[in-house]
Every structure is written in C-alpha cells, then in structure tokens.
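What follows is a single structure, written as structure tokens, with notes after it.
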Amino acid sequence: MKKKITSVDVAKAAGVSQATVSMVLNKKYNVSFSKETIQKVERAAEVLGYQSPGRKNRRASRSEKLIVVFCPTLTSPYYSMLIQGIESAAKNQDYGIFICNTQRDPKQEERYLRLVRTIAPQGIIYACNPSPELQEDVQELSKKIPLVVISNKEKTTTMDAINQDNTVVGRMMARHLLELGHKDVAFISPPLTRRQWQRTMRVEGFVEEFAKEGLREHVLIRSADPAVDTVIPRMDSEYTLGYQLTKELLREGKNFTAIAGQNDMMAFGAIDALQEERKKVPADVSVIGCDNIFYSGIHRMALTTIEHFVVSKGRDAGDIILRKITAAVSDCEELQPTSLYNVEYQPRLIVRKTTGYVKVKKHKKKNN
C-alpha cells in the first residue's frame, strides 16, 4: 500500500519544522513567514500529494453549512431587510440560509421546528419572537443548536438575542409629534393580539408619552381585526391596512392632526387615504412611520420615521451564530464560551417632510 504522506514528510521536503507546515497550510500565521517559506511549503505539499487532516471532512460537510431562519412573513420590507443582513454575514463564511415562512401561524411554526430537528442545521435565527406557546420548545432547542432571537422585548437571560425595546420606539414617535404641538393624534396598527404583543408595546410607549402631558384621552388607537393575521399576507397588506384604517377614522369624523403608523408601509397607506380626502401632508395632518425602509428615503416619499438599524440587526444575528458555530467545532472544547450574547440598538428619529408643526386655526373677526 502507498504510504500516507504526513506533515512530517512535507516538513522534511521543505526544510522547515512541522509546526511551520501546519500554520502555513492552515493559514494560521501566528508568526511572520517569508514569501519564500510559504512557497516552499505549498510546493512540497503539492508535489507529495499531502492532504490536510479535516480537509476531506470540510469538503463533505460543505452542504451542511446551513443556517435556518424563522420568519413570520416574506412580504414585509422589514423582514426582507433583516434577511439581507443575515445573508451578508452568512455569505462571508460560505453558509447558506433556509427560510421558514411561518405566516404567523403557531402550527406552521411547530411543523418547521420538527423539520429543523431532522435536517440539523448548524444555527437558527428567529427573525421575531417565538410564539408564546412554543417559547419553551425554542429555549430547549437553543441548548443543542446555536440560536439567536431578534427580539422586540426586554433583555432575555435564556437565549442569545438582538434586542429592541418597542416602548422606546413608541415614545420617540410620540415625543416628536408633541414637540410639534400635536395634541389630538391617532395610532394605526395591525391586530393587537396576545400573539403579536410586541406591537402593543409600541402603542403603549406612544400612549405613555402623551399621558405624561395629560393627553391620554387625546390618543385614538385603531387596530385591524385579529382575523387579518390568519390570512396569508400579500405584498400590499400593510399598506392596505394603513389606508383602510385611516379612511375609517376620516369617515367617522375623528379629530386628529397627526397619525402614527405601526410601520412605514402603514404610514404610506395613511398618506394616500388622507390625500384622497384632500388633506395635505403635513399641512393638515402629519404622518410618522417606523422602520426606515428604502421607500421612506425616496425624495418624493420623504417619510418621517424611526430608524432602528434593521439590516445591522440581521448581520449581528448572523455573526453571533457563526461565532457559536466556530466555538463548537474548535479544538479547545473545554474553552467554549458559556455566556449569552445580548445586543441592543438605540433607535433614531429621522425627520423628513411628512411631519410639521400643528396648523394654527385662525379665528374670524366679528363684524360690528
């Protein structure tokens, strides 16, 4: 049988130490090597037909370099931006992503969780909070597979998470409108249900800020029927909700000088509904959204919104997963980190053209 070529053979042929061969061929340059030394080692390895231990395994496992992403919908620009960030991190390390579109259905989410156990990905990212009834299952899974939740709640102490306090976002939206003199306002939202409680947090933060000024009763809250979340969303679903809810407010003759949308697409729907009723934005009614999606920055749109760095959240989630994967396959298993990653972003107000100072009503002088 042909003798297996080892790193010792390569070292002898190149006239260097075995440690040098290992570091050069594995690209671990802990010390500086001359170009000549690197070329000698690589040439000797090629001539002898040396194959690094684990190289075959890496090639065989290339198809297994997979990260699964649980996503509630693929029609929302917000989640498209998150996935963009996740993909950018995964691509840098030659990982692919497999998207499980749960359609906000706990049963569908549970089916995907069962599937995940059979395909055994190297990491899992939840693009939103798991359904409450599946929270314990997800926590147990996180003990076996690196798992990150992009969370809209308080800091978690049980799983790696990219955090966002939605009450802060709501307060920022409200504070901006208050500083412009708006006292009578409306907040429009998709269904505010227990399953989607992160939406409620944004509304609560908004209301709390007005309550500080003694204006709690001046906030109109209008949310869609819970049945909406049981229907597979279309590309225009959030826009349509914003349009319809604003139309309802106008038909009912509600008094408001500003509208806050749960997200930017709802805000765009509100703008179109207002303009159809010959309401000028922002001269008659100011409009603010949240997410700072691409369309919001287009000059003609110019939507005032809240930036909370969606793409960066996705990228950070991917980076955390990759760090955990690297640690899990390292040679020094006893040194694997046991701490949890918690990254939190501070949202930022982006003021554009859809908000302005409240319109002062002019009183007509009485004729004597």
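Against the longest principal axis of the chain, how steep is helix 310-328, in degrees 0 to 90 to the nearest 10, with axes from Cα atoms?
30 degrees
Taking K and R as +1 and D and E as -1, what net charge do the other residues with C-beta under 12 Å from the C-beta of residue 353 add up to?
Surrounding charge for residue 353 is +3.
Mind ranking 70-80, 12-22 by how tightly packed they are, going by the mean number of other C-beta atoms within 10 angstrom, highest first?
Most protected by this proxy first, the peptides run 70-80, 12-22.
Computed over the Cα atoms, what is the radius of gyration of the chain divided by 2.2 N^0.38 Å, N being its residue count? Before the final figure, lay out the partial values.
Details: Rg = 27.5 Å, N = 368, 2.2 N^0.38 = 20.8 Å.
Expressed relative to 2.2 N^0.38 Å, the Cα Rg reads 1.32.
What length, rounded to one decimal in nm, is gained on full extension from residue 230 through to residue 294, with 0.36 nm per residue of separation minus their alpha-carbon distance? Walk me through the numbers on the way to the answer.
Details: separation 64, 0.36 × 64 = 23.04 nm, distance 2.73 nm.
Working it through step by step, the gained length comes to 20.3 nm.
Helix 237-251 versus the longest principal axis of the chain: what angle, 0 to 90°, nearest 10, using Cα atoms?
Taking the Cα atoms of the chain, the angle to 237-251 is about 10 degrees.
Hey, what D do you get for the stretch 213-328 in µm²/s if you plug the Kirkwood alpha-carbon radius into Stokes-Einstein at 25 °C and 0.890 mPa s?
152 µm²/s
Whole number please: convex hull volume per residue of the Cα set in the stretch 210-260, in Å³?
Roughly 104 Å³ of hull volume per residue.
What Kirkwood hydrodynamic radius, in Å, does the stretch 73-206 give when the mean of 1/r is taken over all pairs of distinct Cα atoms and then inverted?
Evaluated on the stretch 73-206, it is 16.6 Å.
Show me the ranking of peptides 312-319, 136-143, 285-292 by mean Cβ neighbours inside 10 Å, starting with the highest. Don't skip to the end; give the middle numbers.
Numbers: 312-319: 22.6, 136-143: 14.4, 285-292: 27.4.
Result, highest mean first: 285-292, 312-319, 136-143.
Cα convex hull of the stretch 154-291: mean projected area in nm², to one decimal?
If you wrap the Cα atoms of the stretch 154-291 in a convex hull and average its projections, you get 9.2 nm².
What FRET efficiency, computed as 1/(1 + (r/R0)^6) with R0 = 35 Å and r the Cβ-Cβ distance, is obtained for residue 117 and residue 6, rounded to the nearest 0.05?
Values: r = 39 Å, r/R0 = 1.12.
The formula returns an efficiency of 0.35 here.
Counting only protein heavy atoms and using a 1.4 Å probe, what share of the accessible area of the stretch 171-319 belongs to carbon plus sulfur, as a whole percent?
Carbon-and-sulfur percentage of accessible area, whole number: 50.
Divide by every residue of the chain the summed helix terms, -39500 (n - 2.57) for each DSSP H run of at least 4, and state the resulting mean residue ellipticity at 222 nm, rounded to the nearest 500 deg cm²/dmol.
So the helix-based figure for the chain works out to -13000 deg cm²/dmol.
The values are calculated or read from the model by the stated rules, or taken from the named source; none is laboratory data. Note that the structure is predicted; figures quoted are calculated from it, not measured. Note that we place each Cβ from the backbone using ideal geometry, even for glycine, and neighbour counts take in every protein chain shown. Just so you know, the surface numbers come from the protein's heavy atoms only, side chains and all, with ligands and any DNA or RNA stripped out. Shrake-Rupley method; radii C 1.70, N 1.55, O 1.52, S 1.80 Å.
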